[in-house]
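Undergrad: Below is a structure I'd like to ask you about.
Every number here is computed from the coordinates shown, using simple stated rules; none is lab data. None of these values were measured; they are calculated from a predicted model. Virtual Cβ from ideal backbone geometry, glycine too; neighbours counted across all protein chains shown.
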Ligand code: NAD
């Protein structure tokens, strides 16, 4: 695909372009999700992040179909759930997702969690490589993988994951993991880019001053920081005004002092599940 007008994009290790800012639909019920995705597409989003476990792939698919937007102008990611890990089940899981989405191919397919107690993520990765070769997904990647999980995949596999999608926000910046991934060409995707609203952004020291200086909201400054850090994001909101607000981050630039001030907000403050504990 090409970069949506006025937006930023990055290039995956497959050579495919990914819009750097999309919309996520975690905890958006299937009944409202179709409207949320329709609103997002209407205001200009072209990248949607869903997952089998969100139980809203059908709604995402309906919104895409009704939008009339050509398939090659959209970037769609979904994820394989833990209980579908394993060489017997992973291929069927992607087919089920494709059927729900009404697509022949997704742009990116991720292993949602390493689920280390299952110890099936390596064999699952090899299935994803086959699915990529079969053209059912343009790119493959992982989510919530720690360095040691990535190392096992890199050792056993022939394809380097295109992305690792992990919890990342100003109070939890994942500097060490990003430093490991960067030379390997693994792009970082942030989930919970706004801290999942589990802490108030106004608690971040100095953020309000930066926002005031740029005439932007606290959320917009945080999203802009992700973009300038080279991170892919897909903040979630069910409200059209907020969808618009979150997309309105391409007309200003944080200074190096702003970037340094936000770097200093890192507080090792995880708001979600630790990857070793995501064994559901
Ligand atoms: P987020 O950081 O995007 O926060 C969402 C919350 O922020 C919402 O409750 C919303 O009320 C609030 N919000 C949104 N825009 C705002 C604004 N402009 N001002 C103030 N508040 C605002 O958290 P998230 O939804 O958990 O993460 C984004 C996406 O990441 C998800 O929708 C999903 O696609 C993905 N995700 C992936 C995983 C994973 O394990 N791979 C886990 C969680 C989320």
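Undergrad: Of the residues that make up region 175-190, is at least one more than 26 Å from residue 23 (Cβ to Cβ), within 16 Å of the ligand (Cβ to nearest atom) and crowded, with 18+ Cβ neighbours inside 10 Å?
TA: No: region 175-190 contains no residue that is more than 26 Å from residue 23 (Cβ to Cβ), within 16 Å of the ligand (Cβ to nearest atom) and crowded, with 18+ Cβ neighbours inside 10 Å.
Undergrad: So residue 42 clears everything in (1) farther than 21 Å from residue 99 by Cβ; (2) in a helix (DSSP H, G or I); (3) within 16 Å of the ligand (Cβ to nearest atom) except one condition, right? Which one?
TA: The failed condition is (3).
Undergrad: Also, quick follow-up: How about region 201-221: which of its residues are within 16 Å of residue 257 (Cβ to Cβ) and part of a helix (DSSP H, G or I)?
TA: Result: 207, 208, 209, 210, 211, 212, 213, 214, 221.
Undergrad: Hey, any hits in region 4-22 for a residue that's touching a residue at least 60 places away in the same chain (Cβ under 8 Å) and within 13 Å of the ligand (Cβ to nearest atom)?
TA: Looking for residues that are touching a residue at least 60 places away in the same chain (Cβ under 8 Å) and within 13 Å of the ligand (Cβ to nearest atom), one finds at least one in region 4-22, hence yes.
Undergrad: Please verify whether region 259-266 includes one or more residues that are within 15 Å of the ligand (Cβ to nearest atom) and touching a strand residue (DSSP E or B) at 6+ places or on another chain (Cβ under 8 Å).
TA: no
Undergrad: Something else now. Does any residue in region 172-195 that is closer than 17 Å to residue 272 by Cβ come within less than 7 Å, Cβ to Cβ, of a residue that is more than 14 Å from the ligand (Cβ to nearest atom) and not in a loop (DSSP other than H, G, I, E, B) six or more places away or on a different chain, and which pairs are these?
TA: Here the result reads 177/147; 188/178; 188/181, each pair linking region 172-195 to a residue that is more than 14 Å from the ligand (Cβ to nearest atom) and not in a loop (DSSP other than H, G, I, E, B).
Undergrad: Can you tell me how many residues in region 225-238 are touching a residue at least 60 places away in the same chain (Cβ under 8 Å), away from the ligand (no atom under 13 Å from the Cβ) and part of a loop (DSSP other than H, G, I, E, B)?
TA: Number of matching residues: 1.
Undergrad: For region 206-224, state whether one or more residues are touching a residue at least 40 places away in the same chain (Cβ under 8 Å) and within 26 Å of residue 108 (Cβ to Cβ).
TA: yes
Undergrad: Hey, another quick one. Considering only region 64-89, state which residues are under 21 Å from residue 1 (Cα atoms) and crowded, with 23+ Cβ neighbours inside 10 Å.
TA: 75, 76, 77, 78, 79
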